[in-house]
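The values are calculated or read from the model by the stated rules, or taken from the named source; none is laboratory data. In this text, all values refer to a predicted model and were calculated from it rather than measured experimentally. All Cβ positions, glycine included, derive from the backbone under ideal geometry; neighbour counts span all protein chains shown. These accessible areas exclude ligands, DNA and RNA; they are computed on the full protein's heavy atoms, side chains included. Shrake-Rupley method; radii C 1.70, N 1.55, O 1.52, S 1.80 Å.
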Amino acid sequence: MKKKLIFSGIRATGRLHLGNYLGMVKGMLQLQEDEKYQLLFSVVDIHAVTTPYDKDKLSQRTYDVVLDYLASGLDPEKSLLLVQSKVGDLHAELAFYFSTVMTVARMQHLPTYKEKAQQHPDNVTMALLNYPVLMAADILAYHSELVPVGIDQEPHLEVTREVARKMNSLYGMNFPEPKRFATEGGKVPSLAGEGKMSKSIEGSYINLTDDLETIKKRLAGAPTDSGKGESVPTSGGVANLLQFVELFMGEDKRKGYEAMYVGEGIRYGDLKNELAEAIYAELKPIQKRRAELEKNPEYVEQVIEEGAKKARQIASATLAEVKEKMGLK
Ligand code: TRP
């Protein structure tokens, strides 16, 4: 049986936070053991240059994501780890050919493009417009069928499918139409009270590398209320904290705290302490492995090079076929 390829791309924004880990990485890593799937984990550093970024920090940020993946249990014997810029020539060339089947008007209508154009009005570049086409190249270079991303990325996957259909019908390629894929796990709430945990919202996240003290400090900043009331809040800071309790200490604990809320009241100091310990217990083994990896940069470098080599074999075959079928012989 042919394995289905699951392609995950994570932006090179430095250390992963709990939201990345529980929302995607952990669920993906569980699938490493599943024979139905072949996994490819990429750190998409080329996408980072499509909006203003810090060139002196980019490679460290990329490396930090690689370390977090490996520390979280990515097994390079089973899965492919790919730093996008290591095969940037192939992805970028493929993206160029793909851009011939997508119109400017179509790309300008994407909500993600409009949002970023608004955020960076002085940097509305060709690269930004082409961002989703490069993403299509990442995915289709490996004939990936499943892509674990959040709902916000669905418009990009729609572009990927459109590219696939057009390349198939115009040039007789045989690209699959990749689908969004939900891993076990899910949304991790923000510590700031609203929405989900995000690197771009200060006070909303916990890093995988945070020690117990830091976790306590971050939890201390999470908004609460008086601790008691008629009914348990369903949104806002307290609701989010209770969701964390469930995630890290189980449903029964959550029910216990909910009963306190409508009864004698919750002491948030106690809750936050207990929660910090539970979160730290989950992160400690990851941090231990990370510390070991930090002492062994040669090994990490070798994993990166090996991953690039394997990826290059697959992506270059796809590129050769595209060129051939497009008449670029
Ligand atoms: N656009 C994705 C994001 O913002 C990152 C990404 C780039 C990606 N290429 C990808 C995700 C390929 C999945 C597959 O999260």
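Remark: for residue pairs 57/78; 196/255; 4/310, the C-alpha separation exceeds 20 Å in 57/78; 196/255. Ranking 295, 57 by solvent-accessible area of protein heavy atoms (1.4 Å probe, all protein chains present), from largest to smallest, gives 295, 57.
Please list 244, 181 from largest to smallest accessible area, probe radius 1.4 Å, with all protein chains kept in place.
I get 181, 244, largest accessible area first.
Here the stretch 1-115 has 52 percent of its accessible surface on carbon and sulfur atoms, given a 1.4 Å probe and all protein chains in place. Note that the stretch 2-16 has calculated 3J(HN,Hα) couplings of 6, 6, 7, 8, 9, 10, 10, x, 10, 5, 7, 9, x, 4, 6 Hz, one per residue in order, obtained from phi through the Karplus relation 6.51 cos²θ - 1.76 cosθ + 1.60 (θ = phi - 60°); glycine and proline are x.
Return the carbon/sulfur percentage of the accessible area of the stretch 212-292, one whole number, probe 1.4 Å, all protein chains in place. That fraction is 48 percent.
Solvent-accessible surface (1.4 Å probe) assigned to residue 270 amounts to roughly 80 Å². Solvent-accessible surface of the stretch 212-292, averaged per residue with a 1.4 angstrom probe and all protein chains in place: 53 square angstrom. Mean separation of Cα pairs under 8 Å and 6 or more residues apart, divided by the residue count, gives the chain a relative contact order of 23 percent.
Legend: distances between Cα atoms for 3/179; 253/284; 116/288; pairs beyond 27 Å are 116/288.
Amide H contacts of residue 43: 10, 82, 83, 84, each under 5 Å away and 5 or more positions distant or on a separate chain (H built 1.01 Å from N in the peptide plane; Pro and chain starts excluded).
Over the stretch 152-286, the reciprocal of the mean inverse Cα-Cα separation, the Kirkwood hydrodynamic radius, stands at 17.3 Å. Of all the stretches in the chain, which is the longest one without any exposed loop site, taking GluC sites (Glu not before Pro) in a DSSP loop (any state but H, G, I, E, B) with at most 16 other Cβ atoms within 10 Å? The longest such stretch corresponds to 78-183. For the stretch 237-254, backbone phi angles converted through the Karplus equation (6.51, -1.76, 1.60; θ = phi - 60°) give residue-by-residue couplings of x, 5, 4, 5, 4, 5, 5, 5, 4, 5, 4, 9, 10, x, 5, 4, 4, 4 Hz, Gly and Pro being listed as x. If you take all other residues with their beta carbon under 13 Å from the beta carbon of residue 168, and give Lys and Arg +1 and Asp and Glu -1, the sum is +1.
How large is log10 of I(q)/I(0) for the stretch 71-224 at q = 0.13, 0.14 Å⁻¹ when the intensity is taken from the Debye formula with one equal scatterer per alpha-carbon? Debye intensities relative to I(0), on a log10 scale: -0.80, -0.90.
Accessible area per residue was computed with a 1.4 Å probe on protein heavy atoms; residue 106 scores about 60 Å².
Amide H contacts for residue 196 (H built 1.01 Å from N in the peptide plane; partners 5 or more residues away or on another chain; cut-off under 5 Å): 190. If you take the Cα atoms of the stretch 39-122, find Rg, then find the Kirkwood Rh from the mean of 1/r over all pairs, what is Rg/Rh? Answer for the stretch 39-122: 1.04.
When the helices of the chain are scored as -39500 (n - 2.57) per DSSP H run of n ≥ 4 and the total is divided over every residue, the value at 222 nm lands at -16500 deg cm²/dmol. Accessible area of residue 254 (1.4 Å probe, protein heavy atoms only, ligands and nucleic acids ignored): about 50 Å². Normalised radius of gyration (Cα atoms, divided by 2.2 N^0.38 Å) for the stretch 227-298: 1.46. Taking 237, 229, 23 in turn, the Gaussian network model of the chain (Cα-Cα springs below 10 Å) assigns the largest fluctuation to 229.
For the stretch 196-270, the mean projected area of the C-alpha convex hull, equal to one quarter of the hull surface, is 5.2 nm². Global dimensions of the chain from alpha-carbon coordinates: Rg and Dmax equal 21.7, 77 Å.
Projected onto their three principal axes, the Cα atoms of the stretch 1-86 cover extents of 43, 25, 20 Å, largest first. Near residue 296, once Lys and Arg are set to +1 and Asp and Glu to -1 for all other residues with Cβ below 14 Å from its Cβ, the sum equals 0. Carbon-plus-sulfur accessible fraction, the stretch 154-196 (probe radius 1.4 Å, protein heavy atoms only): 48%. Segment residue 274..residue 313, full-extension length gain: 9.2 nm, with 0.36 nm per residue of separation and the alpha-carbon distance subtracted.
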